[in-house]
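K.L.:
Let me begin by handing over the structure; questions about it come next.
The values are calculated or read from the model by the stated rules, or taken from the named source; none is laboratory data. Quick caveat, the model's predicted, so the values are computed rather than measured. With ideal geometry, Cβ positions are generated from the backbone for all residues, glycine too; neighbour counts draw on all protein chains shown. Heads up: the accessible areas ignore ligands, DNA and RNA and are worked out on the full protein's heavy atoms, side chains in. Shrake-Rupley method; radii C 1.70, N 1.55, O 1.52, S 1.80 Å.
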Amino acid sequence: MNKKIDYTLDLVRRAGQNIKELMATDLLIETKANHADFVTNVDKATEIFLVEGIMSQFENQDFLTEENTTPRHKSDDLWIIDPIDGTTNFIYQRKNFAISIAYYHKLKPVFGIVYDVMADKMYLGITGEGAFLNGVRLKENDAHRGVGQSVVYADLYALSMFPKGLLHLRDTLVAHRYLGAASLEICMVAENLSQAYISKNLKVWDVAAGVIILKEVGGTSFFGGHDDDIFFNSEDGVFISCQNDVIKDELKAMMDEDLLLEVIL
């Protein structure tokens, strides 16, 4: 397994270098589901680079990817890939985006990698072996901290799921922030830069790597009605990642229960 991890880390780093080089060229920008749901030629090229790199080394692999550049295959070995998580940031800011890639065997998490390309921060989580940032082990999260001691990352749509409104939320939390790249925001929780991240609708490629990293430092998640689990298709679901169960339970108690369980096909 170490060979597969080492190869993937190198592949992701090379993909990041390719992205930096392509940023110097004219981007081809398209929209998908709505006017603010972007995809670029760099997203597609990066996904193809990652898939082809994996296929060149490992036989009979399956892929679940955001840009759907490769068909699904029947295999116990599943790679879940978001080639550029935070495409809007990539286009507008030229930073705060990441490559996210997770490997699952028989639908069980094995390892996850999230690479902040411009900051050169490589997060790695290996099930049962820990989580690392640029090779340095991340510390275990505080198991007792509550919402009242938490910085929470969430966008406007997520904030709308709190029936008591923004003023109540403001008075409850330490602070609210938002970055715009789910994989990085999950890793910020793992790194103890924040204590929770919430999104009203994410897909599996947004979270599959990050939740492995978070779990290895004692964190917990909720996705589309499931605690500490994901679903292996292209459905949307409410997502919450937290440093511990205390924060997760307190946040869920404050949120609209019907919206929490909503899955968008």
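K.L.:
Considering segment 31-85 alone, what residues qualify as being within 15 Å of residue 234 (Cβ to Cβ) and of a type in the set (S, T, N, Q)?
P.N.:
65, 68, 69, 70
K.L.:
Further question: Out of the residues in segment 119-131 that are open to solvent by 30 Å² or more (accessible area, probe 1.4 Å) and under 20 Å from residue 205 (Cα atoms), which is farthest from the chain's Cα centre (by Cα)? Give the steps one after another, and end with the answer.
P.N.:
Going residue by residue through segment 119-131, those that are open to solvent by 30 Å² or more (accessible area, probe 1.4 Å) are 119-121, 127-129.
Filter once more, keeping what is under 20 Å from residue 205 (Cα atoms): 121, 127.
Values: 121: 14, 127: 16 Å.
Of everything passing the filter in segment 119-131, 127 is farthest from the chain's Cα centre (by Cα).
K.L.:
Here's another thing I want to ask about it. With the requirement that a residue be out of contact with any Lys or Arg (no Cβ under 7 Å at 6 or more places or on another chain), at negative phi and assigned to a loop (DSSP other than H, G, I, E, B), what does segment 161-192 give you?
P.N.:
If the condition is that a residue be out of contact with any Lys or Arg (no Cβ under 7 Å at 6 or more places or on another chain), at negative phi and assigned to a loop (DSSP other than H, G, I, E, B), then 162, 163, 164, 173, 174, 178, 179, 181, 191 are the ones that fit.
K.L.:
Separate question: Suppose we filter segment 43-79 for residues that are in contact (Cβ under 8 Å) with a residue 24 or more places away in the chain and more than 21 Å from residue 179 (Cβ to Cβ); how many remain?
P.N.:
Taking segment 43-79 and keeping what is in contact (Cβ under 8 Å) with a residue 24 or more places away in the chain, we get 43-47, 49-51, 53-54, 57-58, 64-67, 69, 76-79.
If we keep only those that are more than 21 Å from residue 179 (Cβ to Cβ) as well, we get 44-45, 47, 49-51, 53-54, 57-58, 64-65, 67, 69, 76-79.
So the count comes out to 18.
K.L.:
Which of (1) polar (S, T, N, Q); (2) in contact (Cβ under 8 Å) with a residue 40 or more places away in the chain; (3) closer than 23 Å to residue 126 by Cβ is the odd one out, the single condition residue 199 does not satisfy?
P.N.:
(3)
K.L.:
Can you name the condition, by its number, that residue 76 falls short on among (1) at pLDDT 95 or above; (2) over 19 Å from the mean Cα position of the chain (by Cα); (3) within 18 Å of residue 117 (Cα to Cα)?
P.N.:
(3)
K.L.:
Quick check: anything in segment 29-50 under 27 Å from residue 128 (Cα atoms) and touching a helix residue (DSSP H, G or I) at 6+ places or on another chain (Cβ under 7 Å)? Explain how you work it out, then say what you get.
P.N.:
As a first pass, look at segment 29-50 and keep what is under 27 Å from residue 128 (Cα atoms): 50.
Now restrict to residues that are touching a helix residue (DSSP H, G or I) at 6+ places or on another chain (Cβ under 7 Å): 50.
The answer is yes; a qualifying residue exists.
K.L.:
Sticking with this one: Identify the residue in segment 211-221 that is open to solvent by 10 Å² or more (accessible area, probe 1.4 Å) and either part of a helix (DSSP H, G or I) or modelled with pLDDT under 95 (or both) and, among all such residues, is nearest to residue 113 (Cα to Cα).
P.N.:
The selected residue is 211.
K.L.:
Of everything in segment 67-114 that's closer than 17 Å to residue 204 by Cα and small (Gly, Ala, Ser), which residue is surrounded by the fewest Cβ atoms within 10 Å (Cβ to Cβ)?
P.N.:
Of everything passing the filter in segment 67-114, 86 is surrounded by the fewest Cβ atoms within 10 Å (Cβ to Cβ).
K.L.:
Out of curiosity, is residue 199 of a type outside the set (D, E, K, R), in a strand (DSSP E or B) and under 21 Å from residue 110 (Cβ atoms)? Walk me through how you get there before you give the answer.
P.N.:
Values: of a type outside the set (D, E, K, R): yes; in a strand (DSSP E or B): yes; under 21 Å from residue 110 (Cβ atoms): no.
Judged against the criteria, residue 199 is not a match.
K.L.:
Sticking with this structure for a sec: Filter segment 241-265 for residues that are more than 21 Å from residue 150 (Cα to Cα) and not hydrophobic (A, V, I, L, M, F, W, C); which is modelled with the lowest pLDDT?
P.N.:
Going through segment 241-265, the residues more than 21 Å from residue 150 (Cα to Cα) turn out to be 257-259, 261-265.
From what is left, the residues that are not hydrophobic (A, V, I, L, M, F, W, C) are 257-258, 262.
Numbers: 257: 84, 258: 83, 262: 70.
Result: 262.
K.L.:
In the list 158, 154, 208, which residue meets the criterion of being touching a Pro at 6+ places or on another chain (Cβ under 9 Å), open to solvent by less than 10 Å² (accessible area, probe 1.4 Å) and closer than 25 Å to residue 89 by Cα? Before the answer, list the steps.
P.N.:
Values: 158 fails: touching a Pro at 6+ places or on another chain (Cβ under 9 Å); 154 fails: touching a Pro at 6+ places or on another chain (Cβ under 9 Å).
Answer to the check: 208.
One line per residue, one yes/no per condition, for (1) in a helix (DSSP H, G or I); (2) open to solvent by 60 Å² or more (accessible area, probe 1.4 Å); (3) within 12 Å of residue 90 (Cα to Cα):
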residue	(1), (2), (3)
6	yes, yes, no
13	yes, yes, no
17	yes, yes, no
20	yes, yes, yes
24	no, yes, no
36	no, no, no
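K.L.:
I've got another one for you. Quick one: how many residues across segment 222-250 are part of a strand (DSSP E or B) and open to solvent by less than 10 Å² (accessible area, probe 1.4 Å)?
P.N.:
Pass one, segment 222-250, residues part of a strand (DSSP E or B): 222-223, 226-227, 236-242.
After this cut, where a residue has to be open to solvent by less than 10 Å² (accessible area, probe 1.4 Å) as well, the list is 222-223, 237-242.
Qualifying residue count, segment 222-250: 8.
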